Amino acid sequence: MANESQGKKVAILLAPKGTEEVEFTQPRQAVEDAGASVDVIGIETGEVQTLVDDTYHGEKLTVEKTFSDVSADDYDALIVPGGAVGADNLRADAGAVDFIRSFFEQEKPVGVICHAPWTLVEADVVRGRTLTSFWSVQTDIRNAGGNWVDEEVVTDQGLVTSRYPGDLDAFCAKIVEEFAEGKHAEQARSV
């Protein structure tokens, strides 16, 4: 995977609490190993507590920039990790939702895992798209006009989704591939 994304700049989101640790750390490492630089974006800067299995405290990680500090124009791709609490916190923040939506408007690749498709529903970018998620999010996706499938990893013209941490190897491989490819014109079809 080395150098597949050399020169690419990737944003990864970190909620003020509740991001699933491994769904943040493993994708971040994968895109960095592929040569991309990664910025950690969140609602507030500073240290935040991640979770393991949505229950136990994981690592404390640092948010480097807020949504008011950045624009999708600054990045080539976006990763939205899951965690039920983390995804819920992000979808409740207008800055986060606008930031996510901008990647679709600009036809840039986006990787989203587990409960994080809630943020896509809130950004109104799933209509007509095929994606997966943690099983409990499927009704929200369908109600928002998306086609939910139960698969390890799903790619739909620049949108990469997976169900849970057990899918991370496939998810990470696919986001590295999609991010290296760059913009996908069909990414904007759902906005």
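We did not get these values from a lab; they are worked out from the coordinates using the rules stated. These numbers were taken from a predicted model, which means no experiment stands behind them. Counting neighbours? That spans all protein chains shown, and the Cβs are built from the backbone with ideal geometry, glycine included.
Observations on the model:
- Amide hydrogen neighbours beyond the local backbone of Val160, cut-off 5 Å, H modeled: Val110, Gly111, Val112
- Net dipole in debye of the chain [+1 Lys, Arg Cβ; -1 Asp, Glu Cβ; about Cα centre; nearest 20]: 380 debye
- Across Asp39, Asp69, Asp156, mean-square fluctuation computed from a Gaussian network of the chain (C-alpha pairs under 10 Å connected) peaks at Asp69.
- With Cα atoms defining each centre, the range 2-66 and the range 130-191 are spaced 18 Å apart in the structure.
- Listed residue (Val38, Asn147, Leu90) projecting farthest to the positive dipole end of the range 9-183, Cβ model: Asn147
- Amide hydrogen neighbours beyond the local backbone of Gly35, cut-off 5 Å, H modeled: Asn3, Ser5
- Contact order for the chain, expressed relative to its length and based on alpha carbon pairs under 8 Å spaced 6+ residues apart, stands at 22 percent.
- HN-Hα J in Hz across the range 172-182 - Karplus 6.51, -1.76, 1.60, θ = phi - 60°, x for Gly and Pro: 5, 4, 6, 5, 4, 4, 5, 5, 5, 5, x
- Amide H to amide H distances under 5 Å link Ala77 with Lys9, Ala11, where only residues 5 or more positions off or on other chains count and H is placed in the peptide plane.
- Whole-Hz ³J(HN,Hα) from phi, Karplus 6.51 cos²θ - 1.76 cosθ + 1.60, for the range 77-92, glycine and proline x: 7, 9, 10, 10, x, x, x, 4, 5, x, 5, 5, 4, 5, 5, 8
- Ordered by the number of other Cβ atoms lying within 10 Å of each residue's own Cβ, fewest first, Trp148, Trp118 fall into the sequence Trp148, Trp118.
- Percent antiparallel among DSSP beta bridges (both partners in the chain, rounded to 5): 30 percent
- Footprinting exposure proxy for Thr161, Thr55 (fewest neighbouring C-beta atoms within 10 Å first): Thr55, Thr161
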